[in-house]
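Below is one structure, written out as C-alpha cells; comments come after it.
The values are calculated or read from the model by the stated rules, or taken from the named source; none is laboratory data. Note that the structure is a prediction, hence the values are computed from the model and not measured. Here the Cβ is made from the backbone with ideal geometry for all residues, glycine too, and neighbour counts use every protein chain on show. The accessibility values were calculated without ligands, DNA or RNA, using every heavy atom of the protein model including side chains. Shrake-Rupley method; radii C 1.70, N 1.55, O 1.52, S 1.80 Å.
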Amino acid sequence: MKRFKYILPILLTSALILGGCKKLLDLEPKSGPTSNAFWKNDKDALAGLLGGYSLVRDALTDENRFYVYGDVTANTFRITYSSDYSIHQIRDGLLDGTYYGYLENLQNWTKFYKAIAQANLLVDKIAGIPVTGFRNQDHKNYYLGEAYFMRAFLYFYISRVWGDVPLTLKPVEDLADAEEIGREKQSVVLAQCLKDLDAAMPLLPKTPISSQDRGVRATKASAIALKAHIYAWQKDFAKCAEVTRDLVTTPAEFGLSLITDSVQYQRMSVGKSTEAIFEINISDEQNEGLGHDIYKTYKGIGEKTLYQPYLATRDPRSEDDVPWLVNTETAQNLFYEDGDLRADLWFYFDPNLPMVMLKKYSNVTYKDGDVRKDPRFSNNLLIFRLSDIILLRAEALYNTGNESGARDLVNLIRTRARLEALDGTVAGDDLYYYTITERQRELFAEGHAFWDLLRTGYINDFNPSFSDAAVPGSTRFGMNYWPIPRILFKDNLHMKQTPYWNGRL
C-alpha cells in the first residue's frame, strides 16, 4: 500500500437532572426538588448547567454516535462484519438495520431530548433567579447564555441527523402538563436555533472565565461557530462569511490561536488546546474518562480504533480484530501529498499487517496501572475548533465570489500541515474542491465529514451509497436522515416516520 502522504467533575443525581418530556419522545421522567426549593442562586444554576453538559455528553458518546453519524457514513473507517457487524452496514446506507438489526438505539433520539428538556428548564429557571442570588450580574448572563447555546446546539445536531424533529421549548416538570407533538420542519427548527443564538451572543463572554473552562463551556466564539455551521447548512454563505469575520481575522480577541507547534498539534485531540472553541470534556483525571459500562463493554472512539502499541488490551492477528480501521481508500484520496503532517501524526502504518490505525485518539490511561487491562479513554469530542471555522469561512468566501480570500485561508491551514501553498492557477471548481477536501483532511475523524460532503455535493466521491441523497427529486432524496424506531410512535398519533423510510421499516 502506498503510504499516503469542562465540564467540572460531577456526580449527577436526580436533584441535578430536573424535568422531563412527554412519552411521545419516550422519555423517563426525572424526579427532583420543586423549582421553588431548588432554583435560588448561582450554585443551583451552575449545578443545572453541569447536568445539562453531562446529558449532552451522554447523548453524543452513546454507542459513539458522534462518530457514527458524522464519520462512519462518510467512509472514514473500514468496518467489517466480523469486527462490528451492526455498524458496518451503516456505510451502505442501511440505517434501518435491515440485514443485521441492532440499530434501533442509534435511531432513537431520546437521549438528545433528555438534554433538550434540561436546556429548556435552564433557559426558564435561570432567567427567574434574582440577580441577588448571583455573585454578580455577569454570572447570571453567562449561565443563561450557555443554556441558550446548549439548546441551539442540540436542535441543530439532531436536525442534521433526523431532518424534521419535534420542537418543544417549554420546560416540563410534570408529565401531566406535557403535550403530544409531531415533527416540525427543519427550516423552523433551524430558525429557532438562530433565535436562541441571537439571545445567547450578548450574554456570553468573549473568552473563557477560567483557563479550566477553555473549550468545554460555551463562549461567544462557540455561538459564532454554531451560527456559521447553521448558515453553511442552509447555504446562506453571505451570512456565514459575515458571522465568521471577526473570529477568523482576530482570534486572539476570543482567546484563540492557531497551533503552530507540532507537539501541541498532536495533543490537540486531548482537548482544551488554543484552538478549542467548543468541545465535550472527556477526562479520566476528572473522573470522566470513557471506560466500561455495567455490561463490561468499553466505550469511546479509542476503544474502536486502537490496538498495540497504543492499546494494551488488543493485539490483532488480522484486520477483522480491530472494529474501526482507517479506510485506506478514503485516506489515499485525501492524504496523497508527501509530507502531510496530519498523516504522520494521526496514522500508524502497521509493519506486520496490511492495515492502518487511527492513533489520533490515543490518550489512554489504565485504572489498574501496570496491569494495563482496564483502559480509560480521555480524548475530548472536538465539536468546533479554530481551523474548522477558518475553512468554513474559506468556503463561504468562495461561494460569495472572493476566491483570493478563500485561497489565503486554505493556504493558512495547508502551510501549518507542511504542504505547499496553492497558487493563483488553482481557481474555480478546482479551488472549491481543494477547500472542501482540505476540511476533510484537517478534520479527519472529527465528526464533520458526512455533513460537509452531503451539503457540498461531494458525498458521491466518498460514499456512493448516499449519492443524490441531498438532491430533491432523486429516488434517494432524504435517505441521509435516520429513521425513528417504532417505540417513538407509542401513544402519539402526531408522530410520523422519516419520509424516506416511511414504508421501508
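For the set Lys239, Lys111, solvent exposure ranked by accessible area (probe 1.4 Å, protein chains only) runs largest to smallest as Lys239, Lys111. The charge dipole of region 140-243, taken about its Cα centre with unit charges on the Cβ of Lys, Arg, Asp and Glu (plus for the first two, minus for the last two), comes to roughly 600 debye.
For region 487-497, backbone phi angles converted through the Karplus equation (6.51, -1.76, 1.60; θ = phi - 60°) give residue-by-residue couplings of 4, 6, 8, 4, 6, 9, 6, 7, 6, 10, 6 Hz, Gly and Pro being listed as x.
Sorted largest first by accessible area at a 1.4 angstrom probe radius, with every protein chain in place, the residues Asp368, Asp452 fall in the order Asp368, Asp452. At the residue level, Val270 shows approximately 30 square angstrom of accessible surface with a 1.4 angstrom probe and all protein chains present.
Kirkwood Rh, Cα Rg: Rg to Rh for region 300-371?
Numbers: Rg = 12.9 Å, Rh = 13.1 Å.
Radius of gyration relative to Kirkwood radius: 0.99.
For a straight C-alpha distance cut-off of 19 angstrom, the aspartates and glutamates reachable from Lys206 (same-chain residues fewer than eight places away being disregarded) are Asp138, Glu146, Asp196, Asp198, Glu242, Asp246, Glu253, Glu275, Glu279, Asp388. Restricting the calculation to Cα atoms, region 447-505 yields a radius of gyration followed by a Dmax of 13.6, 42 Å.
Going by the alpha-carbon gyration tensor, a ≥ b ≥ c the square roots of its eigenvalues, is the chain rounded (a/c under 1.5) or, if a/c is not under 1.5, prolate (a/b greater than b/c) versus oblate?
Details: a/c = 1.33, a/b = 1.24, b/c = 1.07.
The shape class here is rounded.
Between Leu325 and Arg78, the built amide H atoms are under 5 Å apart, and every one of these is 5 or more places off in sequence or on another chain. For region 378-476, the fraction of alpha-carbon pairs lying more than 20 Å apart is 41 percent, rounded to a whole number.
Solvent exposure of region 48-161 amounts to 28 Å² per residue of accessible area, where only protein heavy atoms count and the probe is 1.4 Å. Compute for region 187-269: radius of gyration divided by Kirkwood radius, i.e. Rg/Rh, restricted to C-alpha atoms, rounded to two decimals. Checking Rg against Rh, the ratio lands at 1.01.
Using a probe of 1.4 Å on the protein chains alone, the accessible area found for Ile390 is around 10 Å².
Converting phi to 3J(HN,Hα) with the Karplus coefficients 6.51, -1.76 and 1.60 and the offset θ = phi - 60°, region 407-416 yields 4, 4, 6, 4, 5, 4, 6, 5, 5, 4 Hz in sequence order, with x at every glycine or proline. Largest first, the three principal axis extents of the alpha carbons in region 63-126 are 49, 22, 18 Å in whole numbers.
For the chain, with all protein chains in place and a probe radius of 1.4 Å, 48% of the accessible heavy-atom surface sits on carbon or sulfur.
Helical content of the chain, expressed as a calculated mean residue ellipticity at 222 nm, amounts to -12000 deg cm²/dmol (DSSP H runs of 4 or more residues, -39,500 (n - 2.57) each, divided by residue number, nearest 500). With the whole protein complex present, Glu180 retains an accessible surface near 70 Å², based on a 1.4 Å probe. Put Glu403, Glu63 in order of accessible area, highest first, and with a 1.4 Å probe you get Glu63, Glu403.
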